[in-house]
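K.L.:
Please see the structure below; I have some questions.
All of the numbers you see were taken from the coordinates with simple rules; none came from a lab. These numbers were taken from a predicted model, which means no experiment stands behind them. Note: ideal-geometry Cβ built from the backbone for every residue, glycine included; neighbour counts use all protein chains shown.
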Amino acid sequence: MASLKEVKNKIAGVKKTAQITKAMNMVASARLRGAQTKMEAFRPYSSKFEEAMSNLSGGANTGSFPLMEVRNVATVEMVIVTSDRGLCGSFNANINKLAEKKMKAYEAEGKKVSIVCVGKKGHQYFKKTGKIRKSYTDIMAAFQMFHAREIAQDIADNFVKGAADKVEVLYGHFKSVAIQRPAVQDMLPVQPVANEQEGAKKAVSGDYIYEPSTEEIMDVMQPLYLNVILYHAMLEVGASEHAARMTAMDNATSACRDIVNNLTLIYNKARQAAVTGELMDIVGGAEALKG
């Protein structure tokens with residue numbers, strides 16, 4: 001059995017750990033508010049932009065726009081967006097596992113896979129596969145639109161030159177503070193909105209009036225399209241990371257409290273046993289003197 005001093009030192013160490021995890025929980029909570037506000041403000045813009053882009057592509061001449069070129073898929077590029085930091089539970093692991101599952105499925109179909117990592121945790125997970133084409137790390141803590149623009153331009157250039165026939169982004173979707181789920185979204189080629197009925201397509205298209213022409217608007221919107229998708233994914237990951245870390249640190253703090261309670265019980269029992277032993281020694285000595 002551990003000595004009283006060892007148990008006391010363990011209790012002190014766990015209490016210090018609890019202070020750290022509680023502080024990290026408070027920091028994550030404060031950062032989450034800002035990240036969630038930013039993400040939720042961007043969601044409607046992203047949704048409408050993608051809807052307008054899909055409708056535009058439905059009436060455009062696909063041969064005039066390289067990002068709309070549909071090819072036989074021989075190579076798939078997976079853009080994996082994770083956080084740069086850990087201590088956020090299984091958040092990054094879930095994204096990486098989904099990406100790995102899809103990668104194996106594509107390879108089973110005879111397709112080649114290349115990876116673009118946005119965030120350090122994705123890079124660390126996939127670096128041994130030899131499939132990483134490019135990595136962008138140490139930007140997720142304070143990313144801006146220009147980061148998304150730079151990455152999107154590289155992805156577009158790679159697609160246009162034929163090095164990838166399909167591009168999809170994998171990220172953590174923020175469902176709620178307690179729930180963050182890995183998600184997949186197609187990026188390239190740009191596809192028209194899919195509706196089984198022509199009437200449904202016309203109803204969706206009826207929300208927009210395009211001037212001066214579809215082609216001229218597409219020239220302007222196409223460079224922005226990938227920026228919007230990627231920036232939205234990064235915002236989702238940013239908010240999800242803080243939410244996952246807040247939950248993980250809250251669980252860690254609760255676990256520390258349980259450990260302290262158990263160690264305190266052990267300490268009290270050991271102390272009681274020591275006191276009882278000392279009393280028995282004293283009584284035994286007194287009885288010996290009497291005899």
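K.L.:
Could you work out how far apart the two model spin labels at I20 and K134 are, taking each label as a point 7 Å from the Cα in the direction of the beta carbon, and quote it in nm?
P.N.:
So the label points at I20 and K134 sit 3.7 nm apart.
K.L.:
Averaging over every viewing direction, what projected area does the convex hull of the Cα atoms of the chain cover, in nm²? Numbers along the way, then the final one.
P.N.:
On the way: hull surface 86.7 nm².
One quarter of the hull surface, i.e. the mean projection, equals 21.7 nm².
K.L.:
While we're on this one: How many nm is it between the label spots at I266 and D219, if each spot is 7 Å from the Cα in line with the beta carbon?
P.N.:
Here the modelled spin labels are 7.4 nm apart.
K.L.:
Report the paramagnetic label zone for E69: residues of the range 145-160 whose backbone N is under 13 Å from a point 7 Å from Cα along the Cα-to-Cβ axis.
P.N.:
In the range 145-160, the label zone of E69 (backbone N under 13 Å from the point 7 Å along Cα→Cβ) covers 156-160.
K.L.:
Continuing with this model, one more query. With +1 on the Cβ of every Lys and Arg and -1 on the Cβ of every Asp and Glu, and nothing else charged, how large is the dipole of the chain about its Cα centre, in debye rounded to the nearest 20?
P.N.:
Computed about the Cα centre, the dipole is about 1640 debye.
K.L.:
While we're here: Could you state the angle between the C-alpha long axis of helix 4-58 and the longest principal axis of the C-alpha atoms of the chain, as a value from 0 to 90 degrees rounded to the nearest 10?
P.N.:
In the chain, helix 4-58 runs at an angle near 10 degrees to the longest axis.
K.L.:
Let me ask you something else. Which whole-number percent is the relative contact order of the chain (Cα, under 8 Å, 6+ apart)?
P.N.:
Once normalised by length, the contact order is 32 percent.
K.L.:
Another question, if that's okay. Given charges of +1 on the Cβ of Lys and Arg and -1 on the Cβ of Asp and Glu, with all other atoms neutral, how large is the dipole of the range 1-155 about its Cα centre, in debye to the nearest 20?
P.N.:
Values: 27 positive and 13 negative charges, 212 e Å.
Once rounded to the nearest 20, the dipole reads 1020 debye.
K.L.:
Ok, one more. Using alpha carbons only, how many angstrom separate the centre of the range 1-40 from the centre of the range 222-291?
P.N.:
9 Å
K.L.:
Express the Stokes-Einstein translational diffusion coefficient of the range 1-82 in µm² s⁻¹, to the nearest whole number, given a Kirkwood radius over alpha-carbon pairs, 20 °C and a viscosity of 1.002 mPa s.
P.N.:
The Stokes-Einstein estimate is 113 µm²/s.
K.L.:
On to the next question. Tilt of helix 145-160 relative to the longest C-alpha principal axis of the chain, in degrees (0 to 90, nearest 10)?
P.N.:
Between the helix axis and the principal axis of the chain, the angle is about 50 degrees.
K.L.:
Describe numerically, in nm with one decimal, the distance between label points set 7 Å from Cα along Cα→Cβ at I282 and at N94.
P.N.:
5.9 nm
K.L.:
Give me the Debye-computed log₁₀ of I(q)/I(0) at q = 0.10, 0.12, 0.16, 0.20 Å⁻¹ for the range 20-159, equal point scatterers on Cα only, no solvent, two decimals.
P.N.:
Scattering profile of the range 20-159, log10 relative to I(0): -0.46, -0.66, -1.09, -1.38.
K.L.:
Mind pulling the angle between the C-alpha long axis of helix 91-108 and the longest principal axis of the chain? Nearest 10 degrees, somewhere in 0 to 90.
P.N.:
50 degrees
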